[in-house]
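S.K.: Here it is, the structure in full.
Taken together, the values in this text are just the output of simple stated rules run on the coordinates, not laboratory data. Since the structure is predicted, the reported quantities are computational estimates derived from the model, not experimental observations. Backbone-built Cβ (ideal geometry, glycine too); neighbour counts: all protein chains shown.
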Amino acid sequence: MFLVLYEWRARPGKEAQFEDAWRRGTLAITRKYGSYGSRLGRTQDGRYVGAAEWPDEATWQAAMDDGMAYDDPEARADFEAATLDGGAPILGMTIVSDEIVR
């Protein structure tokens, strides 16, 4: 499994729009590119951090090479309108042990 972390800042007052558009976009990316989905967290200083799980680095890289384009232009527009900055991967790693109980 391959895990990628992303970081964003939402525009003030647009946090709910950001969260909803992120969720819709994540579901669309999962359907189109075969990711395992993602988690979104919010830090105490207001940054959002996404942790996306992928079967392997090659699957993630193929999606990156395609621009993570997906068929929900409304979600993409809402996300971009609510995002202040960020979005580039900040860390990618191969999982060598996964002891999370789901």
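S.K.: Tell me, what HN-Hα J-couplings in whole Hz come from the Karplus equation 6.51 cos²θ - 1.76 cosθ + 1.60 at θ = phi - 60° for each residue of segment 15-25, using x for Gly and Pro?
M.R.: 4, 5, 5, 4, 4, 5, 5, 4, 4, 5, x
S.K.: If you place +1 on the Cβ of every Lys and Arg, -1 on the Cβ of every Asp and Glu, and leave all else neutral, what size is the dipole of the chain about its Cα centre, to the nearest 20 Debye? Provide the component values of the computation, followed by the final result.
M.R.: Working: 12 positive and 18 negative charges, 59 e Å.
In total the dipole reaches around 280 debye.
S.K.: Another question about this same structure. In sequence order, what are the phi-derived ³J(HN,Hα) couplings for segment 45-56 according to the Karplus relation 6.51 cos²θ - 1.76 cosθ + 1.60 with θ = phi - 60°, rounded to whole Hz, with x for glycine and proline?
M.R.: Working through the residues one at a time gives 8, x, 6, 9, 10, x, 10, 9, 9, 10, x, 6 Hz.
S.K.: Taking amide H atoms as placed 1.01 Å from N in the peptide plane, list the residues 5 or more away in sequence, or in a different chain, whose amide H sits under 5 Å from that of E7.
M.R.: G50, G87, A88, I90
S.K.: Also, I was wondering about something else. What ³J(HN,Hα) values, in whole Hz, does the Karplus curve 6.51 cos²θ - 1.76 cosθ + 1.60 give for segment 32-38 when θ = phi - 60°, with x put for Gly and Pro?
M.R.: So the J values, rounded to whole Hz, are 7, 10, x, 6, 8, x, 8.
S.K.: Lys/Arg Cβ at +1, Asp/Glu Cβ at -1, dipole of segment 2-94 taken about the Cα centre: which of G92, S38, M64 is farthest positive-ward?
M.R.: Ranked along the dipole, the leading option is S38.
S.K.: Tell me which residues come under 5 Å, amide H to amide H, from Y36 once H is placed; ignore anything under 5 positions away on its chain.
M.R.: Amide H neighbours of Y36: E53, W54.
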